[in-house]
1. Would you be able to tell me the number of residues in segment 56-81 that are closer than 16 Å to residue 4 by Cα, surrounded by fewer than 17 Cβ atoms within 10 Å (Cβ to Cβ) and touching a helix residue (DSSP H, G or I) at 6+ places or on another chain (Cβ under 9 Å)?
2. So, restricting to helices (runs of 4 or more DSSP H) that lie completely within segment 17-86, which ones have at least 2 residues that are within 15 Å of the chain's Cα centre (by Cα) and at pLDDT 95 or above?
3. Those residues that are in a strand (DSSP E or B) and surrounded by fewer than 16 Cβ atoms within 10 Å (Cβ to Cβ), I need them from segment 87-118; list them, please.
4. For residue 44, are the conditions met, namely being surrounded by 11 or more Cβ atoms within 10 Å (Cβ to Cβ) and out of contact with any helix residue (DSSP H, G or I) (no Cβ under 7 Å at 6 or more places or on another chain)?
5. Among what's in segment 1-15 and is in a loop (DSSP other than H, G, I, E, B) and at pLDDT 95 or above, pick the residue that is surrounded by the fewest Cβ atoms within 10 Å (Cβ to Cβ).
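The values are calculated or read from the model by the stated rules, or taken from the named source; none is laboratory data. Bear in mind the structure is a predicted one, so any value in this text is a computation, not a measurement. FYI the Cβ positions are ideal-geometry reconstructions off the backbone, even for glycines, and counts take in every protein chain you see.
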């Protein structure tokens, strides 16, 4: 299994449980790892033979920007499911950070893995 990844994808969204959080956009950061087999793409050197990480990023950005979840857990789960449903990957690991959510901590968040790692 090979992995194609996006690191520190920063997206502004409405996220949080407090009333003030529902009125402002906050930045979340996503690290996404996706299982794939890159051998065909490496041999052909053709974009159509690989997972198009730009397409993944654009779709995730659009989804997260429009989302209005309260919990980072919900947002992470929905993004992971979106990737599994819309792109040819059997497994995804997603780390979602909410910088500044806890005083004294650089960031907080969740790390989830979904799908099958063969």
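1. Total meeting the criteria: 1.
2. 53-66, 72-86
3. Answer for segment 87-118, where residues must be in a strand (DSSP E or B) and surrounded by fewer than 16 Cβ atoms within 10 Å (Cβ to Cβ): 99, 107, 108, 111, 112, 113.
4. yes
5. Filtering segment 1-15 for residues that are in a loop (DSSP other than H, G, I, E, B) and at pLDDT 95 or above, the one surrounded by the fewest Cβ atoms within 10 Å (Cβ to Cβ) comes out as 14.
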